[in-house]
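First up is the structure itself, then whatever we jot down about it.
The values are calculated or read from the model by the stated rules, or taken from the named source; none is laboratory data. Quick caveat, the model's predicted, so the values are computed rather than measured. When we count neighbours, we look across all protein chains shown, and the Cβ atoms used for this are built from the backbone with ideal geometry, even at glycine. Calculation scope for accessible area: heavy atoms of the full protein, side chains included, ligands and nucleic acids excluded. Shrake-Rupley method; radii C 1.70, N 1.55, O 1.52, S 1.80 Å.
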Amino acid sequence: KLQDSAAVAQRPLDCLLYGIVGPNTGISSQFQMLEKARDWGFKVPTIAKLCKTTTEVFDFIDYWDVHRHELPYETDGVVIKVNNLQHQDELGYTAKSPRWAMAYKFKAEQVSTVLNEITYQVGRTGAITPVANLEPVLLAGTTVKRASLHNADQIEKLDIREGDTVFVEKGGEIIPKIVGVDFSKRDTNSQPTEYITHCPECGTQLVRSEGDAKHYCTNFYGCPTQITGRIQHFISRKAMDIEGLGGETVELLFKEGLIRNYADLYILTKEQIVPLERMAEKSAENLVKGVAESVNIPFERVLFALGIRFVGETVAKKLAKAYKNIDALMTASIDDLKAVDEIGERIAQSVIEFFQNERNLDSIARLKSYGLQFELSKDKLLNQTELLKGKTFVVSGVFETISRNELKKLIEDNGAKVGSSISSKTSFLVAGDKMGPSKRSKAESLAVPIISERDFLDMLN
Ligand SMILES: [Zn+2]
């Protein structure tokens, strides 16, 4: 977060490299990649090892679990990767991570401290998160004062109470975690924690639906924290990325009655902002300018910014691509939504509910009138057809005239889906060179047509 490059230069930052990416590198394995990068003069870790068996992998892990403290940097685990790049390509990726690499985390450092108080935070969707306020304690190089307790079940499971001595861990995550209570130190008068029944911000009675771990404040349009939380999400970097406007200013503008929802941002004037606390001519000008410029932010990010529950960045992209504009999305049925790749019941239901709400429809109509992007940009729509609509393709092997990723993009741009494995729902298997024999026999047993790269390209002409 430091903006001063001179200050950043003072920090002992370093960078170690693990891979080379590019076409025709002539490299066929992960290990070769490291060696080549080292040859070229990049800083590459010296302790990588090429293992032949899982026993060797575990020996490596056990060794570094003990000796990692001797390294000149801190590390919390080991990454195990498939060495052969061809195999990596075959394995591919899930939505979130590669299937050919796996992290092994060392047992986290643990300390004990006193839990002073449990407080409750209200998120932008109304979800309540209990927070443990701890007696500050040093853990893995940082002072820990707070930890998330997640939900009521977690509190009950740990039987955690104010005044308890608790064990805190910091694993791979940045946020520390409470893993248990030191019952030997519990005060004999201690009483079980009673979870709150009403919203700490607006006093509304909390609701917990079946199958949901969290309690919710359902006063979505009246609970101040939810209102500001939604606006803060709207302006955040990955959403509308409005320059000159930060979370605290949103709270201030709300407190002063200048904004009640994100659409109100677009009618703010400099004259309204200048008189506010900590504001000046220049900052007010920047704010209004930042808001005005955000009308160019592409549709998929506007969709993410709207704050539909369960619609994160990736889902917003999928929906934008599938529906191409907001009007098509707004009229989609639940079954239609569920047919989109990676959209399940929970997300589909949430999208439907969002567009049934009059206030949301009103905000969208206003945002449209202010010129925000509610359809995919022209260049994204270019070359998109529905030639392959309703079909699912699985891609395997190496191709001659096109890369695997270009091929997948062509499939999606022409209205079809890319499947990750062959099933009875697969329409075609596009087979390249060196395709795995198991894929071929699976396709044959399910009578899935196997086509060549040429056959596929012909479909588009
Ligand atoms: Zn509330």
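Laid out as a table, the results:
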item: Protein-only accessible surface order, largest first, of SER427, SER369, SER209 at 1.4 Å; result: SER369, SER209, SER427
item: HN-Hα J in Hz across segment 78-94 - Karplus 6.51, -1.76, 1.60, θ = phi - 60°, x for Gly and Pro; result: 10, 9, 9, 10, 5, 6, 6, 5, 4, 5, 4, 4, 4, 5, x, 10, 8
item: Gain in span if fully extended, ASN189 to THR55, counting 0.36 nm per residue against the direct Cα distance; result: 43.1 nm
item: Under-5 Å amide H pairs with GLN121, H placed in peptide plane, nonlocal only; result: THR129, VAL131
item: Distance in nm between pseudo-label sites at GLU342 and ILE175 (7 Å out along the Cβ direction from Cα); result: 2.2 nm
item: Per-q log10 I(q)/I(0), the chain, q = 0.07, 0.12, 0.13 Å⁻¹ (Debye; single scatterer per alpha-carbon; no solvent); result: -0.54, -1.41, -1.43
item: Cα-based Lys proximity count in segment 108-219, under 21 Å, for pairs eight or more positions apart or on separate chains; result: 9
item: Reachable aspartates and glutamates, given that their alpha-carbon falls under 15 Å from the alpha-carbon of LYS105 and they are not under 8 places away in the same chain; result: ASP59, ASP62, ASP65, GLU74, ASP76, GLU169, GLU173
item: Accessible solvent surface per residue of segment 135-216, calculated while the other protein chains remain in place, 1.4 angstrom probe, Å²; result: 61 Å²
item: Computed helical MRE - 222 nm, the chain, DSSP H runs ≥ 4 contributing -39500 (n - 2.57), nearest 500; result: -10000 deg cm²/dmol
item: With 10 Å bins from 0: P(r) over segment 85-143, alpha-carbon pairs, percent; result: 16, 22, 23, 25, 13, 1
item: Candidate lysines for bridging to LYS434, where Cα separation is under 30 Å - those fewer than 8 sequence places away on the same chain excluded; result: LYS36, LYS49, LYS52, LYS81, LYS96, LYS389, LYS391, LYS408, LYS409, LYS417, LYS425, LYS442
item: Simple spin-label estimate for THR331 and ALA365 in nanometres, 7 Å along Cα-Cβ; result: 1.7 nm
item: Gained length - THR143 relative to TYR73, 0.36 nm times residue gap less alpha-carbon distance; result: 23.3 nm
item: Relative contact order [Cα under 8 Å, 6+ residues apart], the chain, whole percent; result: 8 percent
item: Local electrostatic count at ILE128 - Lys and Arg +1, Asp and Glu -1, tallied over other residues with Cβ under 15 Å; result: -1
item: Placed amide H near VAL181: partners under 5 Å, 5+ positions off or other chain; result: PHE167
item: In nm, spacing of pseudo-spin labels at GLN86 and ARG278 (7 Å Cα→C-beta vector); result: 6.0 nm
item: Additional length obtainable on full extension of the chain from SER420 to CYS202, 0.36 nm per residue less Cα span; result: 73.9 nm
item: Accessible area (Å², 1.4 Å probe, nearest 10) - MET330; result: 60 Å²
item: Alpha-carbon radius of gyration plus Dmax, which is the widest Cα pair, for segment 224-296 in Å; result: 11.0, 30
item: Cα gyration tensor category, rounded, prolate or oblate, for segment 392-459 with a/c compared to 1.5; result: oblate
item: Accessible surface of the chain [probe 1.4 Å, protein heavy atoms]: carbon and sulfur percent; result: 51 percent
item: ³J(HN,Hα) computed for each position of segment 215-229 - Karplus, 6.51 cos²θ - 1.76 cosθ + 1.60, integer Hz, glycine/proline x; result: 8, 10, 8, 8, 7, 3, 9, x, 6, x, 5, 5, 4, 5, x
